[in-house]
Every structure is written in C-alpha cells, then in structure tokens.
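One structure is given below, encoded as structure tokens.
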Amino acid sequence: MDNGVNRKSEIIKTLLVVLAILLASMLLEATLFNLRHLTTRAIDFDDSQLVINRNSDYSITISNIDQVVRTVYMEVDFGETGILRTRAGVEHRDKNSQRTHFVYLINGYDRSFYLTLGAMGDVSFVTVTLHDTRLTLQNVVLNTSIPWVFMWPRVIMLSLGAFLFYFWKKHKVGSILFNPQSKVQRLADAGVLLTTTTIMLLAMAFTVNFGWIPNSDASTPWQPPPDWGGHHRLNDRMVESILRGQLHLDIPVHESLLSATQPYSLQYRIENNVIVAWDHVFFEGRYYNYFGIVPTVIAHLPYYLITGNHVSATVTTMLFSAIALIGIYFLWREVFSRYFGDSSYSLYIFGLIFLLFGTNLMVLSADAGIYQSVIAAATMFSVWGIFFILRSTRDTERLNRKFVFWGVLFMALAVGCRPTAIFASLLVPALLWPYFIKKDFGKKTVIDFIALALPYMVIGGALMWYNYARFGSITEFGHSYHITIENHQVIMQVGLLGYLQRGFDGLWAYLFSPVVLRSTFPFILPSHPTGLFAGHHVRTALMGAFVFPAMWFPVAVFYLRKMKEMRFVIALIVVSLLLMIFSGVLVGVAPRYSVDFYWMLSLAAAICICAVSKKALAHNEAVGAVVRRIGVAVFAVSGIMLVLWGARGEAFAIFHNNPVVIQYLIDLFTIF
C-alpha cells in the first residue's frame, strides 16, 4: 500500500515539475526571446518631414529624418522570379559615422525583412538597395515594431533540456553503470540512434525547397530537385551500360576530343575548344565511370530492375549513411563492452552521440549527391567490416570464422566503393595478428587463413578483372584518364619535395584548419586551408579535427600505451593519418574526403577518453568522478559542434536551396 502511495506521489511530483518547467519556458519565450519586439514596440517617430526618393525599382532613399531610427522594414516583391533570397544593403548616417549593413531577405519569410539598425543618435538618411535588380523594393518603413512571435519548438527544446537535467540529477544517472542487458539502456540507445538518423534525414530533406514558410501564412511553389544530367547521372548510365552487356558508357564522343593531343589538360581543352563530357573517364575513344562499381551493383541496378526508374544518389547517400550509423552503434557497443564494461553509462551514451556525428556523415547528407553516395557506401562497409572483425575476437582463445569472413567481405566491398578504403583494411591485422602469432600451425590455422583471405581474393580478383577489362591494368580505377580540372596523368610529376609538401599540407589542413565563431546559427564558419600545397587540387573550406575537444584525447595514447585496447587505438590513429596524407597527395582537401577517416579518428578519441576515465577511477574514486564528468562534457560539446558543422555541410546547400529553414533556425537560436 505504501509503495503504491509513494509511487503515486512521485508521479504527481514529476508532473508538477514538468508543468513548472513548461510554464517557465513559456514565460522566457514571451519575454526574453521577444526582446526585439518589446524594445521596438513603442518608438516616438514623426514621419511628416521625411523625403522619400526612389532611386530605381530596387533602391529607395529616405532623407531629412533627423530622428532616432531603431528599425527598418523592407517590403520586397519577389513576383514570379522564383528567387528564394536576395541580399540587401542598408546604408545610414548617424551622428557618429556612416555605415552599411548587409542582410538576407528571404522570399515569403516576413521576419527577415526587419532590421535593427543600431544607429547612434539622430539619423539623417537611410538608403536600401537590393543586390538583385530583378526584384522590386516596394516600400521602406522606419521604426515599425518587430513582430511578436511565440515559437513553440523553442519552448519544447527548453523544457525538454531542463527536464532531462532534472531527471539526470534526481536519479543520479551519471553514476549508473553500463549494463548490456538493461532494456531501459537499450531503449535509450535506440532513441539516440533514431534521433541522429532523423537529424541527418532532415538535413538532406531541407536541401530541397518545399515551399515551407515557418511562422508565416505565405508560401512559395515547391521546386523539385533539378535534373542535373551530365556527370550527376554517371551511376544511371552505368546501370544502362551493364544491362547492355558493356563496361563503357554509351555516350557519343565529340570529334574534338578524339583528335586532341592532350585530352586530359584543362588548359589545352580551353585553348582548343575541346568538347567533353565533364567529370567522366575518357580512354581509347570511349567514356567510362570512375566511381566504384559496388554501389551501382547493390543499389542502383536492383532498384532499376524492380521499378524501371533510376534511384537518386541523394537517396542512396542517406541509405548508406543510415546503415553506417547503425554499424557505428554496434561497433561502439562492442568496444565499450569489451574494454569498459564496468564504466559509467553516461560515458557510453554521450560517447555514442559523439561517434554518430563524428563520422562526419551528416556533411554528406547535407549536400547529398553522386560524390557523397560512394563515400557513404565505403564508410558503411568499412564500419560494419571492423565491427565483425572485432566481434570475431570476443573469445580470447580462438577466432569466430563466421564473423571473420563477413568482416573481411565487407572490407573488400568497401574498396569496390572507394579505392582509398583499402587503408581501412590495415586495421584487420592490428586486430587479428595476436591470434595468429600465438597459434601452432595446423589445420585450424589454415582454415582461419582461408576465412580471412577468401573474400579478399574473390572481391579483389573481380575488381582487378573489372579494371583490366576497361583500362588494361589491374590497379587502374580510371583516375589517370579523368576529364576534370586536374590532369591526373601528370599530377605526380612534382618530385619528392612536392610529395612531402602535399602530404604535410593534407595533415595540416585536416587537423588544424581553424573555425570562425559566429553569433547566429549555425554559429561556425569553416575556413579555407592554407599551407605549402604544391600543384592544383580541390581545396574547400573545412574544420580541422583539433577544433573538436574530443579529438585532443588521442595524444593520451602515450600515457595509456600499456592498456590492451591501445593497440587498436594506435592502428586507428595511424590509418587516419595515412588517409590524410594520401588525400593531400592525390585528391585534395574537402570535407567529404574527411569521412574516409573521421569515424576512425573519432573512435580512437572516444576510446582514449573512456580509458583516461577508467585509469583515473582506478587511481582515486573522487578523481575518477571528476574525469568522467569532463569526458561527458567533452563528448557533448564535440557532438554539438559536429551537428552544427554537419548542418552547414560542404556547400551550405540548405541555405542555398531552402534558406527559409536556416533563417527560421537563426531566429530560433537568437535572443537579442
């Protein structure tokens, strides 16, 4: 009876806490988060003396003001132009200086048309000029109140965050130990995995303009993704070629390319007006696909055979990424159970959140396409391959051959998606070598070797045949004959010093590229890497690994080197560094290339953080508790940073294709 009364009392108390948190969040929303409305609500302003001059259809000047101006409202007619956003310059002169503000006005999102001017003293004139001359600036209004907006998503986020903090402290979740058998913990794991996948799916979905205008009755027509054609249809054309029984693409080659003496030189093609199929492989008078064949065979071809239509590379990018995230979950669970089974569940769950975003797969989803699809596929197979290899070593006395076979099969298939995935296979001997060196040679050892070698031999043999049938070389995947900016036939002709410069440049860019902090969502601005680069490669803005606090911890491997899990960590770090160097030497520096190794570097960092916590706990319980909290905080901060970085993506596609979403998020996370 007492238990029932206590339970009822506990439920009532929890409900009261939830209600109090909700009311407090609503109060904050109505006051603090509406300061822009409250501070501009009542401004004395005399508009009788204003002189309004229309400079053009897209520019208006208001002069003879001589009063304080706090806000500017710009009424813009987007008409039927289909333009999603425009940049506007707002110039003003006050008693201190003359300044120009630059803002983005979003089609249909009325809140973006208001600007808080920040002028000091009386303003003499204001000029508003649209940068896109196709649009019409209908009117400019000074000192109008910024609308009051109640954003329920923000109320829910604040309430949920506050309640989770209350729940965490009340039930001392930080001190709960990891328990693989706990249904509650498994449910929490599933929630984290589902939330992560949903965030990535939304990042991909909102790269398309759906005409959704939050907090507004306005709407714009839905604009489906364009049919890019050209090299964006390489996988589609590869499917059609396979069904015709051929390995080359059925694309006509222009006579100017057939007669070109330097077909792979961009400068030669420009000077001689050579017409090419961009980003294709050209060899002996035919075009080929240089992307890995495995994603085409496992996804694009079956979909076409079943439906008669081609599947979008955007969809396959998300599919491969989602399966890779599930693989990360199982891999981290296996690692944590193996090495840190008696540690805090908080370290495990926050480590999982960090690792899911630490794959950098969200960068692919936020700019999904044909380039991203093959990288996601290679990551998917590599992650699952390493999971099965690690799972095969659970028994310290003998290998589980079934898991070895599946692990090696997936590692081999990863190479068929992206040749650079061969580096991930270096992790296989790091995990399996101890099991072979302690064995006496015999029948069981031979069978183990067969389970290990057979998938590599079969898949590797098929890939070598595929390469030889196309280019006459078992190691040529087509990059030497690539029609793009870079001339791959001469790309390595920079000498030893050039190789060293490129390798150093790759390491420097992927590890130390800084980030600029901003006051509005997504709060970060990646920078273009600078260094000793020799030659010409892709170089796009990115964030170095050391920007994320969790990535500082792999240096602890020198202190922790005697722990049994450090052999795996060292292998992860070495392979990651090799991939950075390889990328710098051969392909360049871009966020999408970092996906090849980020999951490995993130896994190494997560293991080191947990190992440091375990070591501290063994030394002193109080010190261990402090280190555990630091580890959780590091995981949380790094995870948030990775979400923001992923939302921006490689090209900030969400902002370009659906700017209303980004503007809504800017408003959602803005107080003043």
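Tabulated results
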quantity: Environment charge at residue 181 (Cβ cut-off 14 Å; Lys +1, Arg +1, Asp -1, Glu -1); calculated: +1
quantity: Long-range tail of P(r) for the stretch 525-598 (Cα pairs > 15 Å, %); calculated: 61 percent
quantity: When each of 13/170; 172/615; 564/614; 8/172; 13/169; 169/615 is checked by Cα-Cα distance, pairs over 18 Å; calculated: 172/615; 8/172; 169/615
quantity: The stretch 527-658 shape via C-alpha gyration tensor axes, a/c threshold 1.5; calculated: oblate
quantity: Helix-derived mean residue ellipticity, 222 nm - over the chain, DSSP H n ≥ 4, -39500 (n - 2.57), to 500; calculated: -16500 deg cm²/dmol
quantity: Packing-based order for 427-433, 615-621, using average beta carbon neighbours within 10 Å, highest first; calculated: 427-433, 615-621
quantity: Residues of the chain: accessible area per residue with a 1.4 Å probe, Å²; calculated: 47 Å²
quantity: Local electrostatic count at residue 38 - Lys and Arg +1, Asp and Glu -1, tallied over other residues with Cβ under 14 Å; calculated: +2
quantity: Hull volume in cubic angstrom per residue (convex hull over the Cα atoms of the stretch 470-557); calculated: 173 Å³
quantity: Cβ crowding within 10 Å averaged over residues, with 6-12, 642-648 ranked highest first; calculated: 642-648, 6-12
quantity: Cβ charges +1 (Lys, Arg) and -1 (Asp, Glu), total dipole of the chain, debye; calculated: 2980 debye
quantity: Contour excess over end-to-end distance, with Cα ends at residue 50 and residue 490 and 0.36 nm allotted per residue; calculated: 151.8 nm
quantity: Portion, in percent, of the accessible area of the chain that falls on carbon or sulfur, probe 1.4 Å; calculated: 63 percent
quantity: Anisotropy class of the stretch 624-672 from Cα gyration tensor, a/c 1.5 cut; calculated: oblate
quantity: Kirkwood hydrodynamic radius of the stretch 1-158, from inverse mean 1/r over distinct Cα pairs, in Å; calculated: 18.5 Å
quantity: Where GluC sites (Glu not before Pro) fall in DSSP loop in the stretch 35-123, at most 11 other Cβ within 10 Å; calculated: 80
quantity: Two-site label geometry, residue 464 and residue 163: point separation in nm, points 7 Å out along Cα→Cβ; calculated: 6.0 nm
quantity: Charged-residue dipole, Cβ positions (Lys, Arg, Asp, Glu), the stretch 363-470 about Cα centre, Debye nearest 20; calculated: 320 debye
quantity: Global form of the stretch 342-459, assessed from the alpha-carbon gyration tensor, a/c cut-off 1.5; calculated: oblate
quantity: 3J(HN,Hα) from dihedral phi, the stretch 195-206, Karplus parametrisation 6.51/-1.76/1.60, rounded to Hz, x for glycine, proline; calculated: 5, 4, 5, 5, 4, 5, 5, 5, 4, 6, 5, 7
quantity: Amide H within-cut-off set for residue 492, under 5 Å, with H built and near neighbours excluded; calculated: none
quantity: Mean Cβ neighbour count within 10 Å, used as a protection proxy, ranking 101-110, 81-90, 254-263 highest first; calculated: 101-110, 81-90, 254-263
quantity: Charge dipole (the chain, unit charges on Cβ, about Cα centre) - positive-most of 494, 82, 546; calculated: 546
quantity: Backbone N within the stretch 627-657 under 16 Å of label point (7 Å from residue 175 Cα along the Cβ vector); calculated: 627-629
quantity: Sorted largest first, extent of the chain alpha carbons per principal axis (Å); calculated: 99, 89, 52
quantity: Percent of Cα pairs exceeding the 18 Å cut-off, where the set is the stretch 452-505; calculated: 55 percent
quantity: For residue 64, net neighbour charge (Lys/Arg +1, Asp/Glu -1) across residues whose Cβ lies under 14 Å away; calculated: -3
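The values are calculated or read from the model by the stated rules, or taken from the named source; none is laboratory data. Note that the coordinates shown come from a computational prediction; the quantities given were computed from them, not determined experimentally. No Cβ is skipped: glycine too gets one built from the backbone with ideal geometry, and neighbour counts run over all protein chains shown. Keep in mind that these areas ignore ligands, DNA and RNA; they rest on the heavy atoms of the full protein, side chains included. Shrake-Rupley method; radii C 1.70, N 1.55, O 1.52, S 1.80 Å.
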